[in-house]
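K.L.:
This is the structure I want to talk about, given as C-alpha cells.
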Amino acid sequence: MNFPTLDVVSTIVPGAGDLPKLMLRTSDGARAEIYLHGAHVTSWVPAGGQERLFLSQASQFCAGAPIRGGIPIVFPQFGMSGPLPLHGLARLMRWEFAGADVVNGQAFATFRLRDTEESRRLWANAFLAELTASISENQLAITLAVTNTGAEPFTFTAGLHTYLAVADLAATRVEGLTGLRYCNAAAGWTDHQQIALCVDFTSEVNRIYFDAPAETRLIEPGQTTRIQTTGFRDTVVWNPAADKCATMADLKPDDYQQFVCVEAATIGAPIHLAAGERWQGTQRLVA
Ligand code: TA6
C-alpha cells in the first residue's frame with residue numbers, strides 16, 4: 001500500500017488487521033495513533049506519560065465493524081435514535097488521510113469522509129465530515145466538523161465516544177455533572193436529575209447528561225483527566241459493568257474494569273444544517 005512520504009511527525013503504517021494507521025508524534029514525546037478506518041483514534045500517550053485510552057484486545061479490525069475502544073466517531077446518529085446502525089455510519093467507513101503538520105509544537109492530522117453511494121442508501125444526504133486530531137504536551141484535541149454539501153437541509157446527532165483507560169474502577173468517579181438532567185438508559189431510559197457530586201461505577205452506568213458544562217473530570221487515585229468540550233451540548237457517561245460486558249464479543253469479561261466512557265455528544269437537540277452550512281465540535285482531553 002503506497003502512501004505519500006510524510007514528514008517526521010506522521011507516518012502511516014499497517015496496523016491491526018493490516019488496516020492503515022497514522023502514527024502522530026511531537027518532539028516532546030507526545031504521540032497518538034489514528035486508523036483510517038473510522039478515522040479512529042486508538043492510542044494517546046501524553047508527553048512523558050502512559051497510554052490514556054482503552055483499546056480492547058478482542059476488538060475487530062475489519063471493514064464494516066467498529067473498533068472497540070479509543071475514540072469512535074458517532075455520526076450521523078447517536079445510539080438507536082434513528083433508523084441507522086447503532087452510532088451511525090462514520091466509524092464503519094474508510095476515511096481519507098488529508099494531511100498532517102506541526103504548528104507551534106502541536107502535531108495535527110486531518111481525515112475526511114464524504115457520502116458514498118452505499119452511505120446514501122442508508123442516509124440520503126450529501127456531506128463532508130472532517131476529523132482533526134491534535135496532540136501537544138499533555139493534551140489531545142479531537143474536532144469533528146460536518147458540512148452539508150447537498151442542496152437540502154439535514155439533521156443529525158453526533159458524538160466522540162471516548163474510552164478513557166482506568167486502573168481501578170472502584171476508586172474512579174466522574175465530577176462536574178451535578179444538577180444536570182439526565183436520561184438513564186440503564187434504567188429504562190427514565191429521566192433523572194444528578195444530585196450526587198460525582199458519578200461512581202458500582203453498577204452499569206449509561207447516562208445522557210443534557211446541556212452539560214464545558215468541563216468534566218475523570219478522577220482516579222493519583223490522576224485526573226479533564227474533559228473539555230465545545231460545540232457539543234451533552235455528555236454521555238458509560239460503563240457496561242460485568243453483566244453487559246459479558247455479552248459483548250469484542251470485550252473480555254473483565255474489560256469493564258479497564259475503562260470509563262466520557263463522551264462529548266449532541267443528542268437532545270439534533271443539529272440542523274441548511275445546504276452549505278458547517279458545524280463543528282471539539283473534545284479536548286487534558287492529562
Ligand atoms: O454511549 C453509550 C452507548 O450508547 C451504550 O448504550 C452502548 O451501546 C455503548 O454506547 C457502546 O455501543 P457500541 O455500538 O459501540 O457497542
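The values are calculated or read from the model by the stated rules, or taken from the named source; none is laboratory data. It should be emphasised that the depicted structure is a prediction, and the values quoted were computed from it without experimental measurement. Ideal geometry is used to build each Cβ from the backbone, glycine not excepted, and the neighbour counts take in all protein chains shown. The area values use the complete protein model at the heavy-atom level, side chains included, leaving out ligands, DNA and RNA. Shrake-Rupley method; radii C 1.70, N 1.55, O 1.52, S 1.80 Å.
K.L.:
Of the numbered conditions (1) small (Gly, Ala, Ser); (2) over 15 Å from the mean Cα position of the chain (by Cα); (3) within 16 Å of the ligand (Cβ to nearest atom), residue 70 fails exactly one; give the number of that condition.
P.N.:
All conditions pass for residue 70, except number (2).
K.L.:
Continuing with the same structure: Being in contact with a helix residue (DSSP H, G or I) (Cβ under 8 Å, 6 or more places away or on another chain), over 23 Å from residue 66 (Cβ atoms) and not acidic (Asp, Glu) is true for just one of 178, 149, 216, 202. Which residue is that?
P.N.:
Numbers: 178 fails: in contact with a helix residue (DSSP H, G or I) (Cβ under 8 Å, 6 or more places away or on another chain); 149 fails: in contact with a helix residue (DSSP H, G or I) (Cβ under 8 Å, 6 or more places away or on another chain); 216 fails: in contact with a helix residue (DSSP H, G or I) (Cβ under 8 Å, 6 or more places away or on another chain).
Every option except 202 fails the conditions.
K.L.:
Can you name every one of the strands (runs of 3 or more DSSP E) wholly within region 165-209 that holds 3 or more residues which are under 25 Å from residue 287 (Cα atoms)? Lay out the reasoning, then the answer.
P.N.:
Numbers: elements: 173-175, 181-184, 190-193, 198-200, 205-209.
Because the criterion is at least 3 residues that are under 25 Å from residue 287 (Cα atoms), the strands (runs of 3 or more DSSP E) in region 165-209 that meet it are 173-175, 198-200, 205-209.
K.L.:
Also, I was wondering about something else. Give region 237-287 a look and list any residue that's of a type in the set (Asp, Glu) and touching a strand residue (DSSP E or B) at 6+ places or on another chain (Cβ under 6 Å), or say none. Break it down stepwise before answering.
P.N.:
Of all residues in region 237-287, those of a type in the set (Asp, Glu) come to 243, 250, 254-255, 263, 277.
Correct list: 263, 277.
K.L.:
A further question follows. If you go through region 224-249, how many residues are open to solvent by 20 Å² or more (accessible area, probe 1.4 Å) and either among the acidic types (Asp, Glu) or within 11 Å of the ligand (Cβ to nearest atom) (or both)?
P.N.:
Final tally of qualifying residues: 6.
K.L.:
How many residues are part of a helix (DSSP H, G or I), closer than 16 Å to residue 203 by Cβ and open to solvent by 70 Å² or more (accessible area, probe 1.4 Å) when one looks only at region 250-259?
P.N.:
Total satisfying the criteria: 1.
K.L.:
Continuing with this model, one more query. Given the conditions (1) touching a residue at least 60 places away in the same chain (Cβ under 8 Å); (2) part of a strand (DSSP E or B); (3) over 16 Å from the mean Cα position of the chain (by Cα), report the number of the one that residue 267 does not fulfil.
P.N.:
(3)
K.L.:
Continuing with this model, one more query. Which residues, taken from region 73-113, are of a type in the set (Ser, Thr, Tyr) and away from the ligand (no atom under 13 Å from the Cβ)?
P.N.:
Within region 73-113, 110 is the sole residue that qualifies.
K.L.:
So, in region 197-223, of the ones that are closer than 24 Å to residue 269 by Cβ and of a type in the set (S, T, N, Q), which residue ends up surrounded by the most Cβ atoms within 10 Å (Cβ to Cβ)?
P.N.:
Among residues in region 197-223 that are closer than 24 Å to residue 269 by Cβ and of a type in the set (S, T, N, Q), the one surrounded by the most Cβ atoms within 10 Å (Cβ to Cβ) is 216.
K.L.:
Checking residue 184 against (1) within 16 Å of the ligand (Cβ to nearest atom); (2) polar (S, T, N, Q); (3) under 19 Å from the mean Cα position of the chain (by Cα): exactly one of these is not met. Which one?
P.N.:
Failed condition: (3).
K.L.:
Please count how many residues of region 144-164 are within 15 Å of the ligand (Cβ to nearest atom) and either at pLDDT below 95 or in a strand (DSSP E or B) (or both). Don't jump to the end; show me each part of the working.
P.N.:
Restricting attention to region 144-164, the residues satisfying the condition of being within 15 Å of the ligand (Cβ to nearest atom) are 157-164.
If we keep only those that are either at pLDDT below 95 or in a strand (DSSP E or B) (or both) as well, we get 157-160, 163-164.
Number satisfying all stated conditions: 6.
K.L.:
Looking at (1) surrounded by fewer than 20 Cβ atoms within 10 Å (Cβ to Cβ); (2) not in a loop (DSSP other than H, G, I, E, B), which is the only condition residue 34 fails?
P.N.:
Against the list (1) surrounded by fewer than 20 Cβ atoms within 10 Å (Cβ to Cβ); (2) not in a loop (DSSP other than H, G, I, E, B), residue 34 comes up short only on (1).
K.L.:
Residue 217 - would you say it is in contact with a Lys or Arg (Cβ under 9 Å, 6 or more places away or on another chain), in a strand (DSSP E or B) and of a type in the set (D, E, K, R)?
P.N.:
yes
K.L.:
Further, regarding this structure: Report whether or not residue 236 is in contact with a His (Cβ under 8 Å, 6 or more places away or on another chain) and either charged (D, E, K, R) or on the phi < 0 side of the Ramachandran plot (or both).
P.N.:
Against the criterion (in contact with a His (Cβ under 8 Å, 6 or more places away or on another chain) and either charged (D, E, K, R) or on the phi < 0 side of the Ramachandran plot (or both)), residue 236 qualifies.
K.L.:
Among the residues of region 14-31, how many are open to solvent by 20 Å² or more (accessible area, probe 1.4 Å) and modelled with pLDDT under 95?
P.N.:
The qualifying residues number 4.
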